[in-house]
Amino acid sequence: MTNKEQLVIHLNRLVAVVRSVQMKRALSEVCPEPTLVYWQVIHGDLLDVAVVEWCKIFGADREPTHWKKVVDDHDSFRRELLTFVGVDDATWSEYWKTMKAYRDAEVAHKFKNPDLTHYPSLEIALQSSYFYYSYLIGKLRAQAEVLYPNDLKTYAQLFLEQAKSISRLAIDATATLEETLI
């Protein structure tokens, strides 16, 4: 049986994905094209964190927090994951390559491409995080752990609403500032 600490580490990676995605969505809704470099950096960093954290769980098998380190029946889990996310094996593989390539070239190794115009979509990352979280929370509940929310998707929606409120206040608070350090 996987120990509770290992399950919690994996669970926290998934929560980091969701929080980063939802904060990015909230900021993008409130201020889709920020003029202050401060907000531009935060927009980009939230994407980067979401991709990196997702890759820690779903990236290379050698990652210490890869899902295969916790899940016993890999084939069954993968089938159920793909069904939940609503993609086939080929689509998942292409998505995985896109996320890993972005992480490798744009985040981890800093080969920033100034002409980059296409960023990874985060919807599959969210859906796969919801699925794996439900698996983990089941394992944690079996070990009498009651600290974490039962459903990550519900938490994500509540977090998004809070992030929108905070983002509105923060963007409004900086609305009169002009960029001086480009």
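A residue that is within 22 Å of residue 181 (Cβ to Cβ) and outside any loop (DSSP other than H, G, I, E, B) occurs nowhere in segment 5-17.
Among the residues making up segment 73-86, those that are over 18 Å from the mean Cα position of the chain (by Cα) and either closer than 22 Å to residue 9 by Cα or surrounded by 11 or more Cβ atoms within 10 Å (Cβ to Cβ) (or both) are 73, 74, 77, 78, 79, 80, 83. If you go through segment 52-78 and keep only what is free of Cβ contacts under 8 Å to residues at least 12 places away in the same chain and not basic (Lys, Arg), you end up with 61, 63, 64, 66, 72, 73, 74, 75, 76.
Exactly one residue out of 18, 30, 70, 51 is crowded, with 17+ Cβ neighbours inside 10 Å, more than 17 Å from the chain's Cα centre (by Cα) and modelled with pLDDT of 95 or more: that is 30.
Among the criteria (1) surrounded by 15 or more Cβ atoms within 10 Å (Cβ to Cβ); (2) in a helix (DSSP H, G or I), the one residue 63 does not fulfil is (2).
Remark: pairs (first residue in segment 2-21, closer than 14 Å to residue 132 by Cβ; second residue among the basic types (Lys, Arg) and part of a helix (DSSP H, G or I); Cβ separation under 6 Å; 6+ apart in sequence or on different chains) = 7/139; 13/56. Entry remark, segment 145-168: residues being β-branched (Val, Ile, Thr), free of Cβ contacts under 8 Å to residues at least 12 places away in the same chain and assigned to a helix (DSSP H, G or I) number 1 in total.
Okay, residues lined up against (1) at pLDDT below 95; (2) surrounded by fewer than 16 Cβ atoms within 10 Å (Cβ to Cβ):
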position	(1), (2)
126	no, no
133	no, no
142	yes, yes
151	no, yes
156	no, no
166	no, yes
172	no, yes
177	yes, yes
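The values are calculated or read from the model by the stated rules, or taken from the named source; none is laboratory data. Model, not experiment: these values are computed from the prediction. Every residue, glycine as well, gets a Cβ built from its backbone with ideal geometry; the counts of neighbours run over all protein chains shown.
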